[in-house]
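Report on the following structure.
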Amino acid sequence: MKSIISYEGNKLILPKIQCNCGINHTYPDMDIYIGQGLIHNIGKYLQARNLGKNIVLVTDNIIYDIAAKSVITILEQAGYHVDLCLLERENQLIPNETALGEVLITLNNSTDFLVGVGSGSITDLTRYAAHLSGKPFVVIGTAPSMDGYTSVVAPLTYGNLKVNKPAGYPQILVCDLDIFRRAPYKMLLSGFGDVIGKYIAKADWILGNIVNDEPICPMCIEMTTWAVQRCMDNISGIKKRSIEGVRGLIEGLIIAGITILIVGHTRPVASNEHSMAHYWEMMKLLAGEKPPRHGLSVGSATIYALKFFELFFQTDLTKVSIEQAKKANISKEEREELILAKYGSKIGRAIIRDNGDDYLTWSEQERRFNKLVANQDLIRRKLSFLPSASEMISIYAELDYPWPAEKLGIDDQLLLNSLLYAKEYRSRYTVFKSANEIGILPDLVGQVLQQL
Ligand SMILES: [Zn+2]
Ligand SMILES: [Zn+2]
């Protein structure tokens, strides 16, 4: 596989954007450093960006001992003033309104920029606080656990609802591989799961392009394809936590994450596998239980989605009757009732507010039906890059990845509901919507659960 990235010392050189797809592209103006022993160079990296001297540093009590404490010493020795926002939690830190409040209240008039030391939740809280205060921010990553380091969207939690807040990207990202390789193995697997989910995101995006003429960016497709392959070529390195293995994983996550920045939304990297993961997380939070780690959920949901695609491809759509599709056409009111029943009233109302137009007139549904039937061979061909569920299951077994979903504490009912209703979480087009709109969703979901 030809690499699309290179290095100048420890600085990552990103691929040049040469794309005329028509989607407005942003080019990342960001210094990304990947290598060993990098935290000792932080002062030098900051100087190169001239961000000021007064820092609010955001971290949690676990990361404080592992990395943040040393980072603070290094920063102070380099002449920076650090106000610490230590998010102390007995259990897992949830990036919610309380945590965000703690970060915001630590900011003051003299704050020049923010530094997040941590992984997903810390980065997202820092990102959003920086966005709200109009200040730049820097991330010192501590684990290759998700693709959000270079994203411009902050997935936060508000009253147990997952909300995706638009925000900015860090000016500097430091990935010290000595720290990354010491992260808990579950966090490495979480990063792996988040990357593997890109198979589904890519397939659904191409499907949306075929069925609904949705704009698609070939450059982003190339980047996510590279990211997935980089991780798939690196299974044993990830398992051994070798420097090369961890490097491959974080490169995959960064390149995938940058596509979000390039097109300004998460279409290249997230589809129904992410909606399923969010559904699990929200329902767990609602029940007062600990939600599984984001990337682990995404990777687990990806297997179900791969199986779903297989069964969808095996279905001869010319044999599906238009009457069956018509029966699946529900009114706006019926759809809203369904969402409130399956998501609970608070989360349900927010979903209806955010994508209330996501119901179809019969004429639009009929158009999609005909388009799917007429293009079924093309769809199978274009999506033939998808691995089979069983291939992925054996890779998961090799990595000791927690699968099936039960291993993440997802019971049968929650799994079933997520397969049937996670598609409502976003208006984004997915194969689950295709199946629903032609009236075969419950049947395929039943087969997925029977066969896995
Ligand atoms: Zn993700
Ligand atoms: Zn493009």
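The values are calculated or read from the model by the stated rules, or taken from the named source; none is laboratory data. The structure displayed is predicted, hence computed values, not measured ones. No Cβ is skipped: glycine too gets one built from the backbone with ideal geometry, and neighbour counts run over all protein chains shown.
Conditions (1) modelled with pLDDT of 95 or more; (2) surrounded by 22 or more Cβ atoms within 10 Å (Cβ to Cβ); (3) of a type outside the set (D, E, K, R); (4) assigned to a helix (DSSP H, G or I), marked per residue:
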{"site": "HIS265", "(1), (2), (3), (4)": "no, no, yes, no"}
{"site": "TYR279", "(1), (2), (3), (4)": "yes, yes, yes, yes"}
{"site": "GLY288", "(1), (2), (3), (4)": "no, no, yes, no"}
{"site": "PRO291", "(1), (2), (3), (4)": "no, yes, yes, no"}
{"site": "VAL298", "(1), (2), (3), (4)": "yes, yes, yes, yes"}
{"site": "ILE303", "(1), (2), (3), (4)": "yes, yes, yes, yes"}
{"site": "ALA325", "(1), (2), (3), (4)": "no, yes, yes, yes"}
*Can you tell which of GLY264, GLY288 is within 16 Å of ligand 2 (Cβ to nearest atom) and at positive phi?*
GLY264
_Suppose we filter ASP60, ASP65 for residues that are among the charged types (D, E, K, R) and buried (at least 17 other Cβ atoms within 10 Å of the Cβ); which single one remains?_
ASP60
*Within segment 1-20, how many residues turn out to be at pLDDT 95 or above, part of a loop (DSSP other than H, G, I, E, B) and more than 24 Å from MET232 (Cα to Cα)?*
1
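Scan the strands (runs of 3 or more DSSP E) fully inside segment 39-157 and keep the ones with 1 or more residues being of a type in the set (S, T, N, Q), over 22 Å from ASP194 (Cβ atoms) and over 20 Å from the mean Cα position of the chain (by Cα).
54-60
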*Could you check how many residues of segment 160-179 are in contact with a Gly (Cβ under 7 Å, 6 or more places away or on another chain) and not acidic (Asp, Glu)?*
4
*For residues that are under 13 Å from GLU251 (Cβ atoms) and in contact (Cβ under 8 Å) with a residue 40 or more places away in the chain, tally how many sit in segment 4-39.*
9
*Do you know which residues across segment 175-218 are within 16 Å of ligand 2 (Cβ to nearest atom) and under 16 Å from the mean Cα position of the chain (by Cα)?*
ALA201, LYS202, TRP205
*Looking only at residues in segment 295-326 that are touching a helix residue (DSSP H, G or I) at 6+ places or on another chain (Cβ under 9 Å) and acidic (Asp, Glu), which one is farthest from ligand 1 (Cβ to nearest atom)?*
ASP316
*asked:* Checking GLU310 against (1) surrounded by fewer than 24 Cβ atoms within 10 Å (Cβ to Cβ); (2) farther than 17 Å from MET392 by Cα; (3) of a type outside the set (Val, Ile, Thr): exactly one of these is not met. Which one?
replied: (2)
_Hits in segment 155-199 - residues which are of a type in the set (S, T, N, Q), more than 14 Å from ligand 1 (Cβ to nearest atom) and on the phi < 0 side of the Ramachandran plot_ = THR157, GLN171
*Residues that are without any contact (Cβ under 8 Å) to a residue 40 or more places away in the chain, within 29 Å of ASN234 (Cβ to Cβ) and not basic (Lys, Arg): find the helices (runs of 4 or more DSSP H) completely inside segment 338-420 holding 2 or more of those.*
389-399
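I want to confirm something. Restricting to segment 266-294 and keeping residues that are of a type in the set (D, E, K, R) and under 28 Å from ILE221 (Cβ atoms), which single residue is nearest to ligand 1 (Cβ to nearest atom)?
Top of the filtered list is GLU273.
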*asked:* Checking ILE330 against (1) part of a helix (DSSP H, G or I); (2) surrounded by 13 or more Cβ atoms within 10 Å (Cβ to Cβ); (3) not polar (S, T, N, Q): exactly one of these is not met. Which one?
replied: (1)
*Take the residues in segment 200-229 that are within 13 Å of ligand 1 (Cβ to nearest atom) and either among the hydroxyl-bearing types (Ser, Thr, Tyr) or under 18 Å from LYS423 (Cβ atoms) (or both), then tell me which one is surrounded by the fewest Cβ atoms within 10 Å (Cβ to Cβ).*
THR224
*Single unsatisfied condition, VAL320 versus (1) within 16 Å of LYS423 (Cα to Cα); (2) more than 23 Å from the chain's Cα centre (by Cα)*: (1)
